[in-house]
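No value in this document is a laboratory result; all are computed from the given coordinates. Model, not experiment: these values are computed from the prediction. Here the Cβ is made from the backbone with ideal geometry for all residues, glycine too, and neighbour counts use every protein chain on show.
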Amino acid sequence: MSRGPTFVSVTGRRYQLVRRPVGLPVEADFEIVSVELGDPSPDEVLVQNVYFSVDPYHREEMAELGGWELHAPLEGRTIGRVIASGVDAVPIGELVVHRKAYSTHALVTDFRRIVVPDGVPISAYLGILGGTGLTAWVGLTTIGGLQAGESVLITAAAGGVGTAAGHIAKALGAAKVVGVTGSDDKAGRLLRGPFDEVVNYRTTDLYRALTDRNIDLCLEDVGGDQFGAAIEAARDPGGRIAWVGAVGQYNDLAHPPPAPYNLFDIVGKQLRVEGYLVKDHVDQRDDYEAFMVPLVQSGQVPVEESVTLGFGHAIEALRSVLTGGNYGKQLVHLVADRRCSR
Ligand SMILES: NC(=O)c1ccc[n+]([C@@H]2O[C@H](COP(=O)([O-])OP(=O)(O)OC[C@H]3O[C@@H](n4cnc5c(N)ncnc54)[C@H](OP(=O)(O)O)[C@@H]3O)[C@@H](O)[C@H]2O)c1
């Protein structure tokens, strides 16, 4: 056993939902409770969390039909360091990725060990090198079949998936990468990165701006009008749309936006539209890491993230992601760790 001879239990804190939010979540929808966490059992490790991920899908989980129960632990991707171990093969000090987010500490049985390469910050394993980057990779490659020389449109371009997708598309040889975002500031940052053109959907008529763009592949993250704009932009005939998510409607699942008026152009333009869930493609993680780790290590791909400091600010971070406050992957940083920076 490597739990250590002097292990004493820790008092952790975790968020739980106390009522289902209406619209944008507010602090009063949650409470923070203290939990005593003792010796891990033989298949468990006790982890002190360093970062957790705040994702748009968490808003869906809060709905009546979502997966988050009231007065119960909340799920989400997290990185933590093992502080006591009941698993012989996992010593104290190891970094693990697990799914007990919104908590300072957790006893976990379902986890993945990570060995962070030199030159890579550990937070990357929740962003560009985690499920976020993998989502972009799967959408562009397996689902979208991106070929060198093709053009790509990415909605929610300044978010976690969107920024990752921009870098991946360019690294795979895309000839042109067009982004859609909600502010001129974000547009400027995207243009200083891998994006060739960016459209601000708040100040521009998206349909008009994207009509007849002959885009080969659209990675669509928002739904509603932005899905319609992707149909408008897609190559005629034969453009592809990899549909990733619908962040524009998670705050009010009971009232989704009407279908885009040009939905039937999917037929006229002979488009291929395919939705997917990254959880069904985790077998691609090794290939993706082999592709992306050297790009991050060399600095060719920056780790783009918005980091909210302090456990007590998690709901602020969540509200930010649901209102466009973030640039890159939104994370909550709980404790300083020796491997937090490069
Ligand atoms: N299929 C899968 O397996 C999978 C996995 C991961 C993520 N996703 C989906 O991918 C999308 C992006 O996720 P992410 O984690 O990378 O989040 P994100 O893009 O970092 O954050 C959400 C961004 O969406 C935009 N946004 C927020 N509310 C909006 C609204 N009401 N209307 C339009 N845009 C809005 C904001 O950017 P602007 O300021 O630019 O508007 C915001 O920064 C989400 O739809 C998510 O559900 C799917």
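A few notes on this one:
- Mean-square fluctuations from a GNM of the chain, with a 10 angstrom spring cutoff on Cα atoms, peak among Gly239, Gly268, Gly145 at Gly268.
- Comparing mean-square fluctuations of Arg189, Arg240, Arg208 from a GNM of the chain with C-alpha springs under 10 Å, the top value falls on Arg208.
- Cα→Cβ-extended label distance, 7 Å offset, between Asp286 and Leu263, nm: 4.2 nm
- Estimated 222 nm signal from helices in the chain, with DSSP H stretches of n ≥ 4 weighted -39500 (n - 2.57), rounded to 500: -6000 deg cm²/dmol
- Note that region 137-205 carries a Kirkwood radius of 11.8 Å, evaluated over its alpha carbons pair by pair.
- Put the Cα centre of region 209-232 next to the Cα centre of region 110-124 and the gap is 34 Å.
- Rounded to the nearest 10 degrees, the inclination of helix 285-297 to the longest alpha-carbon principal axis of the chain is 90 degrees.
- Modelled FRET efficiency - R0 22 Å, Ser34 with Ala72, Cβ distances, 0.05 increments: 0.90
- Charge dipole of the chain about the Cα centre (unit charges at C-beta), most positive-ward option of Ala84, Leu263, Gln284: Ala84
- Counting every pair of alpha carbons in region 40-147, the share spaced more than 24 Å apart comes to 34 percent.
- Kirkwood-based shape ratio for region 131-279, expressed as Rg/Rh from alpha carbons: 0.93
- Rotationally averaged projected area of region 85-196 (alpha carbon convex hull; nm²): 9.2 nm²
- Calculated P(r) tail over 29 Å for the chain, as whole % of Cα pairs: 40 percent
- Leading residue at positive end of dipole, the chain (Cβ point charges), from Tyr15, Val35, Tyr51: Tyr51
- Among 254-260, 303-309, 28-34, the order from most to least packed when residues are scored by Cβ within 10 Å on average: 303-309, 28-34, 254-260
- Counting only Cβ charges, +1 for Lys and Arg and -1 for Asp and Glu, the dipole size of the chain around its Cα centre is about 600 debye.
- Taking the chain as a Gaussian network of alpha-carbon nodes connected by springs under 10 Å, the highest mean-square fluctuation of the residues Lys279, Lys170, Lys100 belongs to Lys279.
- The Asp205 and Val10 beta-carbon pair, evaluated with R₀ = 51 Å, returns a calculated FRET efficiency of approximately 0.40.
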